[in-house]
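Participant: Dumping the structure here so I can ask a few things about it.
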Amino acid sequence: MTSFPHKLKHKIQGALRLGRALQLVWQSSPGWTISRILLLVVQSTLPLLSLYLMKVIIDAVSTGIASANKEAAFRQIVLLIVFNGTVNLVIALCSSVTELVNTAQTEKITDYMYGIVHAKAIEVDLEYYENSQYHDTLQRAQQEAYFRPSHILNSLLQLAENTISLVAISGLLFWFHWEVAAVLFITAVPGLFVRLKYAGQMYHWNHKRTAIKRKAYYLDWLLTNNGHAKEIRLFDLGSLISCRFRQLRKQLYRESLTISQKSAIASLVAQTSSILAVYGSYCVIAYQTVKGIFTLGDLIMYYQAFQKGQSALQGVLGSLAGLYEDNLFLSNLHEFLDLKPKVVEPLHPLPVPQLQEKGIQFQSVSFQYPSSDRQGLKNISLNLQPGKVVALVGENGAGKTTLIKLLCRLYDPTEGSITFEGEDLRSFATTDLRRQISVIFQDYAKYHLTAKENIWFGNIDLPPDDRLIKDAAYKAGADDVISRLPNSYETILGTWFQHGEELSIGQWQKIALARAFVRDAQILVLDEPTSALDAKAEEEVFQKFRQLIQRQAAILISHRLSTVKMADCIYVMEHGRIVQSGTHEELMKMGGSYAHLFETQAKNYR
């Protein structure tokens, strides 16, 4: 059985979640929030005035029937009708303005929440993106982030509006007939319990089925994404993937429908008992009117008051149930927003120095991937000097790219240290450090934007029209590709948008190289940079690359050993370790892995 302190803690956490959501609403749109509160006050009070005026009108009509001066009585009735009509016109006007304000504020909140989610997605480390649990968390957060805060505000405002109306109507009904008022409250309670019960069930089901939902989304993405279109058609995978998607959706459909069916049946039972009680109360009111205890105006006013009171009470209880549901699902959003980066920023970051004699040193560095028993790197020691090219050679999975991730502080070493001119990398702000590193990974990005933007993204500190963008394109061999496009550097690349031009893999690789070259960085890293280029283009790129390396330290990763011959030092990696190091000539004399691999590749060209 849950203890009282645990229940209290749970309720406090729930209140804090709602408070955080309202804070997000206020930060996104303070002006619209104030407008909605003012409209709330007007909309919750004017209907009561209209209700009372209707009673006065009915009583005036009843009195006028028996009046000797019917014209005077009619004039009074007309004035009351005009007044009541004006009140209802103001109510209609407020309703239209409220709809406009709601739409405007919802858009503002949605845009603000996009910014919040994007900022957190950028803040969290690469480690999260390589963990399936993070993607489940992100999926749940994205489902809630863009509508849940505004939904909470709507529920709270409706709760306030209905509460104001309910207090006024309840006072009227208690004065009129306290037993009828009691019926009003009692009949609404069962529906509240039904809503609370099944809201909790739906929340837990959604949380439990996140992984299956994400897999269904992934299969849908495979079927509709350009990147897989060729293979899906070539291997006739469409029917298979579509069938698996339907199976997952059927499973989700059956489970959610079961919960919805149970909720619908329980709601029907609650509503049936409520309707019987309500119409029984109507009979009591009608009977007492027939006996002359109440006037016809009283009957109509109290009849409408009972209807409005029941509606207001159901609105209050519905809003409370909705807030309970919102509070449950808000935990999905806050679970994501509360993620903390594993790569910790220094409290007092040092400025990144200019590379000189000490260079960059890996000192007995080991690294083990989180949530894995596999060691990516084991006792790595090496040195990078400005003006020198270091090559990393090894089979896939040897740890070459992992080493680069540590250099960029996408991860921190499990053991050992990496220093930059004698200072540990953890002494620098990650933004400042990464500004000094230009990397093209083998899985480089393809931005479906203009050719100019694809290169400019390598150094957004430059003006978008800076000549250095074209210089970088020329050095990478991309200028010739871009100049043949319909709108040159203004041509959109890729096929996601209208008038986009698709490039070959080799052409995309040249664009990525240009992006690396445009960055004014002290360290240049090329991870399989020319794998899609022909031999001639590769030779041209590396001649220019060698010319670029003056005060920069460079790391080159390649499976083509003819490429790495030009490096000042070559490190051969196997299973996360450095097993050989030296120049090409030294390694060939040494024999071993490098010499064997080089001879094997050389035979293919003989």
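The values are calculated or read from the model by the stated rules, or taken from the named source; none is laboratory data. Note that this is a predicted model, so its numbers are computed, not measured. Positions of Cβ are backbone-derived with ideal geometry, glycine not excepted, and every protein chain shown enters the neighbour counts.
Participant: Looking at segment 260-277, is at least one residue hydrophobic (A, V, I, L, M, F, W, C), assigned to a helix (DSSP H, G or I) and under 27 Å from the mean Cα position of the chain (by Cα)?
Facilitator: Taking every residue of segment 260-277 in turn, none turns out to be hydrophobic (A, V, I, L, M, F, W, C), assigned to a helix (DSSP H, G or I) and under 27 Å from the mean Cα position of the chain (by Cα).
Participant: Still on this structure, I have one more. What pairs come up if the first residue lies in segment 348-370 and is surrounded by 13 or more Cβ atoms within 10 Å (Cβ to Cβ), the second is of a type in the set (Phe, Trp, Tyr) and assigned to a loop (DSSP other than H, G, I, E, B), and their beta carbons are under 6 Å apart, counting only those six or more places apart or on different chains?
Facilitator: So the pair list comes out as PRO349/PHE428; LEU350/PHE428; VAL352/PHE428.
Participant: Any residue at all in segment 226-243 that's acidic (Asp, Glu) and at pLDDT below 80? Explain how you work it out, then say what you get.
Facilitator: Let us first name the residues in segment 226-243 that are acidic (Asp, Glu), namely 231, 236.
Subsequent filtering for residues that are at pLDDT below 80 retains 231, 236.
Within segment 226-243 (the criterion being acidic (Asp, Glu) and at pLDDT below 80), the answer is yes, since at least one residue qualifies.
Participant: Take the conditions surrounded by fewer than 16 Cβ atoms within 10 Å (Cβ to Cβ) and either under 23 Å from ILE578 (Cβ atoms) or in contact (Cβ under 8 Å) with a residue 40 or more places away in the chain (or both) and apply them to ASP424. Does it pass? Before you say what the answer is, go through the steps one by one.
Facilitator: Working: surrounded by fewer than 16 Cβ atoms within 10 Å (Cβ to Cβ): yes; either under 23 Å from ILE578 (Cβ atoms) or in contact (Cβ under 8 Å) with a residue 40 or more places away in the chain (or both): yes.
Criteria met by ASP424.
Participant: On to the next question. Taking LYS388, is it surrounded by fewer than 17 Cβ atoms within 10 Å (Cβ to Cβ) and over 35 Å from the mean Cα position of the chain (by Cα)?
Facilitator: Values: surrounded by fewer than 17 Cβ atoms within 10 Å (Cβ to Cβ): yes; over 35 Å from the mean Cα position of the chain (by Cα): yes.
Here the answer is yes, as LYS388 does meet what is asked.
Participant: Which residues, taken from segment 548-579, are touching a helix residue (DSSP H, G or I) at 6+ places or on another chain (Cβ under 8 Å) and surrounded by fewer than 18 Cβ atoms within 10 Å (Cβ to Cβ)?
Facilitator: Hits for segment 548-579 are LEU548, ARG560, SER562, LYS565, MET566, GLU574, VAL579.
Participant: Suppose the filter is hydrophobic (A, V, I, L, M, F, W, C) and either more than 30 Å from the chain's Cα centre (by Cα) or farther than 30 Å from GLU395 by Cα (or both); does ALA476 pass it?
Facilitator: So ALA476 passes the test.
Participant: Name the one entry in LEU173, LEU223, LEU192, LEU196 that is among the aliphatic types (A, V, I, L, M), at pLDDT below 70 and surrounded by fewer than 19 Cβ atoms within 10 Å (Cβ to Cβ). Steps first, answer last, please.
Facilitator: Details: LEU173 fails: surrounded by fewer than 19 Cβ atoms within 10 Å (Cβ to Cβ); LEU223 fails: at pLDDT below 70; LEU196 fails: at pLDDT below 70.
Answer to the selection: LEU192.
Participant: Taking the conditions exactly as written (within 28 Å of the chain's Cα centre (by Cα), of a type in the set (Val, Ile, Thr), surrounded by 15 or more Cβ atoms within 10 Å (Cβ to Cβ) and not in a loop (DSSP other than H, G, I, E, B)), does ILE469 satisfy them or not? Even if it seems obvious, please write down each step before you answer.
Facilitator: Values: within 28 Å of the chain's Cα centre (by Cα): no; of a type in the set (Val, Ile, Thr): yes; surrounded by 15 or more Cβ atoms within 10 Å (Cβ to Cβ): yes; not in a loop (DSSP other than H, G, I, E, B): yes.
The answer is no for ILE469.
Participant: With LEU49, LEU40 as the choices, which residue is within 30 Å of ILE81 (Cβ to Cβ), touching an Asp or Glu at 6+ places or on another chain (Cβ under 7 Å) and at pLDDT 70 or above?
Facilitator: Matching residue, one of LEU49, LEU40: LEU40.
Participant: Tell me the residue from ASP443, ASP432 that is part of a loop (DSSP other than H, G, I, E, B) and either modelled with pLDDT under 90 or over 28 Å from the mean Cα position of the chain (by Cα) (or both), please.
Facilitator: Details: ASP432 fails: part of a loop (DSSP other than H, G, I, E, B).
Of the residues listed, the single one that is part of a loop (DSSP other than H, G, I, E, B) and either modelled with pLDDT under 90 or over 28 Å from the mean Cα position of the chain (by Cα) (or both) is ASP443.
Participant: Consider segment 407-438. How many of its residues are touching a strand residue (DSSP E or B) at 6+ places or on another chain (Cβ under 6 Å) and either acidic (Asp, Glu) or within 15 Å of LYS342 (Cα to Cα) (or both)?
Facilitator: Matching residues across segment 407-438 total 6.
Participant: Among (1) in a helix (DSSP H, G or I); (2) touching a residue at least 60 places away in the same chain (Cβ under 8 Å); (3) closer than 24 Å to PRO353 by Cα, where does GLY458 come up short?
Facilitator: (1)
Participant: Here is a further query. Can you name the residue in segment 54-72 that is more than 20 Å from MET301 (Cα to Cα) and at pLDDT below 80 and is also surrounded by the most Cβ atoms within 10 Å (Cβ to Cβ) among such residues? Explain how you work it out, then say what you get.
Facilitator: Taking segment 54-72 and keeping what is more than 20 Å from MET301 (Cα to Cα), we get 66-72.
Narrowing further to those that are at pLDDT below 80: 66-71.
Details: ALA66: 8, SER67: 14, ALA68: 6, ASN69: 9, LYS70: 12, GLU71: 9.
Per the stated criteria, the residue is SER67.
Participant: Checking ARG254 against (1) surrounded by fewer than 12 Cβ atoms within 10 Å (Cβ to Cβ); (2) modelled with pLDDT under 85, which single condition isn't satisfied?
Facilitator: Condition (2) is where ARG254 drops out.
Participant: Quick check on my filter: what residues within segment 541-565 are in a loop (DSSP other than H, G, I, E, B), among the hydrophobic types (A, V, I, L, M, F, W, C) and either in contact with a Cys (Cβ under 8 Å, 6 or more places away or on another chain) or modelled with pLDDT of 80 or more (or both)? Step through it out loud before you land on a result.
Facilitator: Of the residues in segment 541-565, the ones in a loop (DSSP other than H, G, I, E, B) are 549-552, 558-560, 565.
Now drop any that are not among the hydrophobic types (A, V, I, L, M, F, W, C), which leaves 549.
If the condition is that a residue be in a loop (DSSP other than H, G, I, E, B), among the hydrophobic types (A, V, I, L, M, F, W, C) and either in contact with a Cys (Cβ under 8 Å, 6 or more places away or on another chain) or modelled with pLDDT of 80 or more (or both), then no residue fits.
Participant: Could you please find all residues in segment 380-396 being in contact (Cβ under 8 Å) with a residue 60 or more places away in the chain and in a loop (DSSP other than H, G, I, E, B)? Talk me through it step by step, then tell me what you get.
Facilitator: Initially, segment 380-396 is screened for residues in contact (Cβ under 8 Å) with a residue 60 or more places away in the chain, giving 380-382, 384-395.
Listed by number, the residues that qualify are GLN385, PRO386, GLY387, LYS388, GLY394, GLU395.
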